[in-house]
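J.: Supplied in structure tokens, the structure appears directly below.
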Amino acid sequence: MTNLSTQYTAVMKFLKDNDDFSIFYHLDCDGITSAALLTEAINRLGKRVYAYRPTNYEDFKPHLDLSDFSKNIIICDVAGTVVGRNISLFSGKNLCVLDHHELAEPECDVYVNPKMWGDDVYTPCALLTYRLLEGLVKDLDWVSLIGTLSDAGGKENKDFVFDVCKKYGVEPGSHEFLLDNIFGRAGELINNMVIEYERHGADEALGILLLSKSLKELMDNERLRSTTEKIDKNIKSLIVEFATKSEKRDNLIYFFEMDPEKRRYASTLSTVLSMHGYGDRVIVIMTKVKNSVEKISIRASNVGIDLPDILKHVFKHMKGSGGGHKPAAGAQIEPNDKEKFKKLFVEETMVRLEKPL
Ligand SMILES: [Mn+2]
């Protein structure tokens with residue numbers, strides 16, 4: 001039978017039998033904290049990690065060159081299905097995959113996913129890694145909690161959140177996902193590094209995390225603080241710009257054309273807007289990303305509409321593509337079709353409103 005303890009044995013064997021490791025981690029706070037926990041565990045076994053690779057799912061393509069990486073690769077927080085589809089990339093390597101997404105069985109040396117033993121509780125990779133390697137990194141519960149909260153794992157893992165908060169004398173807060181505490185804020189600081197400096201920022205955040213001996217030291221880090229201040233300043237001015245320049249239709253839909261230079265803030269901006277005053281509105285942020293592509297990001301958190309369905313109907317009448325989830329979706333059109341898109345999007349939304357305004 002497969003369970004946490006059989007997989008612990010398998011991971012420990014992988015770590016003890018081998019010597020040089022490269023860690024591939026997902027480019028977000030859950031991936032970064034997972035990589036930090038793994039690194040500490042490896043170091044405490046008297047071994048080293050020689051290379052890191054922050055990854056997007058899109059990276060796992062045939063052109064990904066692995067020749068510069070160690071023979072032993074650990075991948076964390078990337079869906080096993082994505083690894084499995086691209087398994088030939090890793091031929092000749094020893095591979096260990098730690099994952100919390102859907103169950104897959106990529107042909108690798110070690111695969112760990114709680115769903116293997118029927119555990120369907122939402123368990124971010126930082127919590128999985130911690131539970132797996134607790135014997136080696138017990139004191140790093142605070143690192144695991146930062147990753148767990150950042151990946152929206154607070155709601156389903158309240159006991160863990162409350163235990164760690166109690167240990168550090170922290171009030172867990174009252175947010176649905178228990179994000180309104182210092183651990184949640186630490187996750188924001190780390191994710192901000194990725195927003196501002198992308199792949200390089202992820203590596204830098206991992207380095208800062210590994211050098212921080214405590215949560216306080218992490219929170220006091222000058223680089224993390226100044227990056228967050230920079231982003232906050234930019235978001236604040238974008239909110240003002242949104243309020244004055246967005247184009248309002250039917251008191252419901254707000255179209256906003258964003259400066260391509262600020263594109264990396266689009267997702268944060270729409271989240272902040274939907275939390276502050278625009279929660280029951282539809283926010284449509286449009287950015288020209290190439291001469292031929294206009295990218296559109298749409299949020300409708302509390303409106304009762306199905307965005308992918310609306311987009312499907314819009315694209316029956318014009319060129320473009322889109323999809324996503326009911327309250328959050330994305331689309332791509334040609335820049336010349338902006339007005340056409342706006343008109344169709346308003347029409348298709350208004351006929352599908354489930355509740356009258
Ligand atoms: Mn992730």
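The values are calculated or read from the model by the stated rules, or taken from the named source; none is laboratory data. A quick note: this is a predicted structure, and the numbers were derived from the prediction, not measured. We place every Cβ from the backbone using ideal geometry, glycine too, and count neighbours over all the protein chains shown.
J.: Would you pick out the residues in region 171-201 that are of a type in the set (Phe, Trp, Tyr) and closer than 24 Å to Glu156 by Cα?
T.: Taking region 171-201 first, the residues of a type in the set (Phe, Trp, Tyr) are 177, 183, 197.
Passing the criteria: Phe177, Phe183.
J.: Take the residues in region 115-129 that are of a type outside the set (Gly, Ala, Ser) and more than 15 Å from the ligand (Cβ to nearest atom); name whichever of them is surrounded by the fewest Cβ atoms within 10 Å (Cβ to Cβ). First the steps, then the outcome.
T.: So the first thing to find is which residues in region 115-129 are of a type outside the set (Gly, Ala, Ser), and the list is 115-117, 119-125, 127-129.
Those left that are additionally more than 15 Å from the ligand (Cβ to nearest atom): 115-117, 119-121.
Values: Lys115: 16, Met116: 19, Trp117: 14, Asp119: 14, Asp120: 9, Val121: 11.
So the residue we want is Asp120.
J.: So, in region 218-240, exactly how many residues are in contact (Cβ under 8 Å) with a residue 12 or more places away in the chain and assigned to a helix (DSSP H, G or I)? Step through it out loud before you land on a result.
T.: First pass over region 218-240, keeping only residues in contact (Cβ under 8 Å) with a residue 12 or more places away in the chain: 218-219, 221, 223-225, 227-228, 230-231, 234-235, 238-239.
If we keep only those that are assigned to a helix (DSSP H, G or I) too, we end up with 218-219, 223-225, 227-228, 230-231, 234-235, 238-239.
So the count comes out to 13.
J.: Counting only residues that are surrounded by fewer than 17 Cβ atoms within 10 Å (Cβ to Cβ), away from the ligand (no atom under 16 Å from the Cβ) and assigned by TED's automatic domain parsing to the domain that holds Asp203, give me the helices (runs of 4 or more DSSP H) lying completely in region 1-109 with at least 3 of them.
T.: Working: elements: 4-17, 29-44, 80-85.
Those helices (runs of 4 or more DSSP H) span 4-17.
J.: For region 278-292, what are the residues that are surrounded by 14 or more Cβ atoms within 10 Å (Cβ to Cβ) and not in a loop (DSSP other than H, G, I, E, B)?
T.: Val282, Ile283, Val284, Ile285, Met286, Thr287, Lys288
J.: Taking only pairs six or more apart or across chains, which ones have beta-carbon atoms under 6 Å, a first residue in region 200-212 that is outside the structural domain of Tyr25 (by TED's automatic domain parsing), and a second residue that is buried (at least 20 other Cβ atoms within 10 Å of the Cβ)?
T.: Matching pairs, first to second residue: none at all.
J.: So which residues in region 132-181 are within 16 Å of the ligand (Cβ to nearest atom) and either assigned to a helix (DSSP H, G or I) or under 29 Å from Leu45 (Cβ atoms) (or both)?
T.: Selection gives Val143, Ser144, Leu145, Ile146, Gly147, Thr148, Leu149, Ser150, Asp151, Gly153, Asn157.
J.: Same structure again: Lys343 fails exactly one of the following numbered conditions: (1) within 29 Å of the chain's Cα centre (by Cα); (2) surrounded by 14 or more Cβ atoms within 10 Å (Cβ to Cβ). What is the number of that condition?
T.: (1)
J.: Please work out which one of (1) out of contact with any Phe, Trp or Tyr (no Cβ under 8 Å at 6 or more places or on another chain); (2) surrounded by 18 or more Cβ atoms within 10 Å (Cβ to Cβ); (3) not aliphatic (A, V, I, L, M) is the condition Asp203 fails and give its number.
T.: Only one criterion is unmet by Asp203, namely (1).
J.: Then there's this: Any residue in region 179-189 that is out of contact with any Ser or Thr (no Cβ under 9 Å at 6 or more places or on another chain), closer than 26 Å to Ala35 by Cβ, assigned by TED's automatic domain parsing to the domain that holds Leu27 and free of Cβ contacts under 8 Å to residues at least 12 places away in the same chain?
T.: No, there is no match, as no residue in region 179-189 is out of contact with any Ser or Thr (no Cβ under 9 Å at 6 or more places or on another chain), closer than 26 Å to Ala35 by Cβ, assigned by TED's automatic domain parsing to the domain that holds Leu27 and free of Cβ contacts under 8 Å to residues at least 12 places away in the same chain.
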